[in-house]
Amino acid sequence: MIYTLISPLDMHLHLRDEAMLKVVAPLSAHSFSGAIVMPNVVPPITTIEAVIAYKERIVHAIGNNVFEPLMTLFFRDDYSREFLEKAALHVKALKLYPSGITTNSEAGVASMDIEVLRPVLEAMSDLGLILCVHGETNGFVMDREKEFGSIYESLASAFPKLKIVMEHITTKESVALLDTYENLYATITLHHLLITLDDVAGGMLQPHLFCKPIAKRYEDRDALLHVSLKAHPKVMFGSDSAPHPIHKKECCGCAAGVFTAPLALQALTELFEKHNKLANLQAFVSDNAQRIYGYKPLYKEVKLIKAPFCVPSSYDNVIPMFASQTLAWSIEHVL
Ligand code: NCD
Ligand code: ZN
């Protein structure tokens, strides 16, 4: 059995920098046609020079693969309109992190006060820049995303022309917001379609499944599955593939992030096939994103075949999800 995807896109990806970039960038670039690249490197991407230089390092790292890195800026509430006008020539989106909420987010916003954010968000809205948001408060870990819901609502109503992407949603409440506000969209990861908190911490602790936002309850996963499998027009695949070296995962004080880039399409195909929804996968992994971002990707054909794929035990010093396990689908070739 064969299934072909055209120009798959990963709308939320961490490529890191330096040695790690060289390991992970070719893996995404092999099977995806493009990706929204997150700016939470060290130091975060806050200038146009940094965007251009980081993009050059990525392009160098991907070699001959057909792949376009779609760059983002790390959101700061003190950017000027003039700066954003220039930035709009180089980035599709700005990524907003509440300060300290996840990996390398210390330089994020200290307050989600709309009046503080207004000048930047108004300029972004006028310029057609997309706002990507890590939507968690600093409340109880299982409630952080749900608590952030009222902030999404305030942002969506205050800036009706601004496209707001709720990144890596994990709750049924976030899913419900999609149909309430025209300008709210979402990315959904592979791992949040597959696991719940039980898989992370219900038995022996699984550091390679630990991420932010943490995987939630069965009813949350069901809600995510429901909108993904039908390729709800406002959801896009965003892997949130977030590699950390093994010594930062298997230690006291495990870093948050699941590394899925090299197996994401194979596992998604398996999942959609299992639910008899293969016909909707193309929209989930590319068409919806193209429409939402107003973006025409580089052409790429990814031919998947129903043949076992044994996920490597590691990629250099990074352990992937499903390490040493076998998936039902593999990538036969990429054109
Ligand atoms: C991401 C990372 O490691 O950069 N970690 C994660 O758990 N998802 C950051 C993020 O997207 O929150
Ligand atoms: Zn992320």
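Miscellaneous remarks
- The residues listed here are Pro69, Pro39; of these, the one that is touching a Phe, Trp or Tyr at 6+ places or on another chain (Cβ under 7 Å) and buried (at least 17 other Cβ atoms within 10 Å of the Cβ) is Pro39.
- The residues of the stretch 29-83 that are in contact with a Ser or Thr (Cβ under 7 Å, 6 or more places away or on another chain) and either in a helix (DSSP H, G or I) or of a type in the set (Gly, Ala, Ser) (or both), listed by number, are Ser33, Ala35.
- Across the stretch 252-289, the qualifying residues are those that are among the polar types (S, T, N, Q) and under 15 Å from the mean Cα position of the chain (by Cα), and the one among them that is surrounded by the fewest Cβ atoms within 10 Å (Cβ to Cβ) is Asn288.
- Some residue of the stretch 234-249 being among the aliphatic types (A, V, I, L, M), more than 15 Å from ligand 1 (Cβ to nearest atom), in a helix (DSSP H, G or I) and in contact with a strand residue (DSSP E or B) (Cβ under 7 Å, 6 or more places away or on another chain): no
- Unique residue being surrounded by 20 or more Cβ atoms within 10 Å (Cβ to Cβ) and over 29 Å from Phe32 (Cβ atoms) when the list is Val116, Val109, Val133, Val120: Val120
- Looking across Val109, Val42, Val141, Val133, one residue alone is of a type in the set (A, V, I, L, M, F, W, C) and closer than 21 Å to Met11 by Cβ. It is Val133.
- Some residue of the stretch 230-237 being closer than 25 Å to Asn138 by Cβ, surrounded by fewer than 23 Cβ atoms within 10 Å (Cβ to Cβ), away from ligand 2 (no atom under 16 Å from the Cβ) and modelled with pLDDT of 95 or more: no
- The stretch 143-201, subset farther than 30 Å from Glu250 by Cβ and among the hydroxyl-bearing types (Ser, Thr, Tyr), residue nearest to ligand 1 (Cβ to nearest atom): Ser174
The values are calculated or read from the model by the stated rules, or taken from the named source; none is laboratory data. All values reported here derive from a predicted model rather than from experimental measurement. Virtual Cβ from ideal backbone geometry, glycine too; neighbours counted across all protein chains shown.
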